[in-house]
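The values are calculated or read from the model by the stated rules, or taken from the named source; none is laboratory data. Keep in mind it's a predicted model, so treat the numbers as computed, not measured. Every residue, glycine as well, gets a Cβ built from its backbone with ideal geometry; the counts of neighbours run over all protein chains shown. Just so you know, the surface numbers come from the protein's heavy atoms only, side chains and all, with ligands and any DNA or RNA stripped out. Shrake-Rupley method; radii C 1.70, N 1.55, O 1.52, S 1.80 Å.
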Amino acid sequence: MAVIEWIQFLAGGLLLLIGLVIFLIQMIGVFRFKYVLNRMHAAAMGDTLGIGCCLLGLIVMKGFSFTSLKLLLVIIFLWFSSPVSSHLIARLEVATDEEPQKHYKQLAADANGEMTVLSERDREDKTEEEKEARNGAVL
């Protein structure tokens, strides 16, 4: 019986260690990336995977009990709520970005479906055409 407990303890400790390494990588990504969406991606992915590994390690250490069932429910709740909340915050950032041309590439597709990156001048021409179309539109 003692051998099984040691194996259980080592497996749980390994999962906890993996979770801590994932949190360390997440922190490096959050501080290293410059743009807010890149930082959010690192934070959201690290939270989901890191918390999952840490809580699985605690479940393995505890064994099958009511406490491990509660920890499993916490993992399920976090796996549903963390990506959804990160996605909503990212959409808010994209919608309220004051300088989108600084962060995003604008793509255009030709008749064959080939994608090309629009240059700054192409974007200005396109916005001028949109302005003329709006000015000439009958409301």
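If I filter region 76-92 for residues that are closer than 29 Å to GLU5 by Cα and among the aliphatic types (A, V, I, L, M), do I get at least one hit? Taking every residue of region 76-92 in turn, at least one turns out to be closer than 29 Å to GLU5 by Cα and among the aliphatic types (A, V, I, L, M).
If you take the residues of region 18-67 that are outside any helix (DSSP H, G or I) and without any contact (Cβ under 8 Å) to a residue 12 or more places away in the chain, which of them is least open to solvent (accessible area, probe 1.4 Å)? Checking each candidate, the answer is SER65.
Residues in region 1-16 that are touching a residue at least 24 places away in the same chain (Cβ under 8 Å) and open to solvent by 60 Å² or more (accessible area, probe 1.4 Å): PHE9, LEU14.
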